[in-house]
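Below: one structure, written as structure tokens.
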């Protein structure tokens, strides 16, 4: 489902405006996603507790259609994280918009994952206890790679996407129930399982349980990730977007313009007053609507 956002003009926007009006907005149903419509979306999002980004994405449209939002990321989660990290709320709104994968769960109810076969190979070779012999571990990893190259491999690849990634994970868990979940990235922010100890979870299974609960828990893992990475934390707090994108996305961040997208998202959320009191947002929407209606 393609998100509807500021500047769009379509029949889908007319339908959105009608649904918003049915929920208390007073929009001109003209099919133009202008300032008033964006503000009305924020009002609705705040009223149901969703992240108030002003974008009518799949989550907002689903809740408007009557779906439950209990499992979804909340505005309060970002507010609490901003206080916890001592930074402007707009910083986190920008990161959520650009860096998250949109939804943290598949339609089948399982968390979004991506299984990394090269990380599985690495984790199988990892010395975990004093009694472990690296040579023996490496030999076993090589044997498994020869027998199961799709899920154990020194080289990255083999991705199938969507629910099929859980099938790959399931096959890997048969081989090793610790290395397998460590070798997958989890949730909307794609946090790798092997970070579980650094992030303060009791075990990788505890981490997986949290990632499988709701998007709020997935976002909490992201916050822990930022807290335990001084360079990332400083870059996010001071809005050094290129530095943040490089360390979070890797050296190819420029190819996808992550730093520019983050800057633009921050500016938009700062200007629109994310986290603003719903009454003030509604007042802003009313003003914008009057301006649009003026001859």
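Throughout, read-outs are computed from the coordinates displayed, never taken from laboratory work. Note that the coordinates shown come from a computational prediction; the quantities given were computed from them, not determined experimentally. Glycine gets a Cβ as well: all are built from the backbone with ideal geometry, and neighbour counts include every protein chain shown.
Laid out as a table, the results:
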| read-out | value |
| --- | --- |
| Neighbours by Cβ (under 9 Å, 6+ apart or cross-chain): first from region 238-256, touching a residue at least 40 places away in the same chain (Cβ under 8 Å); second surrounded by 13 or more Cβ atoms within 10 Å (Cβ to Cβ) and outside any helix (DSSP H, G or I) | 239/87; 239/88; 248/229 |
| Residue 169 being more than 12 Å from the chain's Cα centre (by Cα) and in a helix (DSSP H, G or I) | yes |
| Among the candidates 216, 185, residue that is part of a strand (DSSP E or B) and touching a helix residue (DSSP H, G or I) at 6+ places or on another chain (Cβ under 8 Å) | 185 |
| Filter result for residue 180 (part of a helix (DSSP H, G or I), in contact (Cβ under 8 Å) with a residue 12 or more places away in the chain, touching a helix residue (DSSP H, G or I) at 6+ places or on another chain (Cβ under 7 Å) and crowded, with 17+ Cβ neighbours inside 10 Å) | yes |
| Restricting region 152-166 to residues that are touching a strand residue (DSSP E or B) at 6+ places or on another chain (Cβ under 8 Å) and assigned to a helix (DSSP H, G or I), the residue that is surrounded by the fewest Cβ atoms within 10 Å (Cβ to Cβ) | 166 |
| Selection count, region 18-37, where residues are assigned to a helix (DSSP H, G or I) and crowded, with 19+ Cβ neighbours inside 10 Å | 3 |
| Top-ranked residue in region 228-239 [being crowded, with 16+ Cβ neighbours inside 10 Å and out of contact with any helix residue (DSSP H, G or I) (no Cβ under 6 Å at 6 or more places or on another chain); ranked as farthest from residue 253 (Cα to Cα)] | 229 |
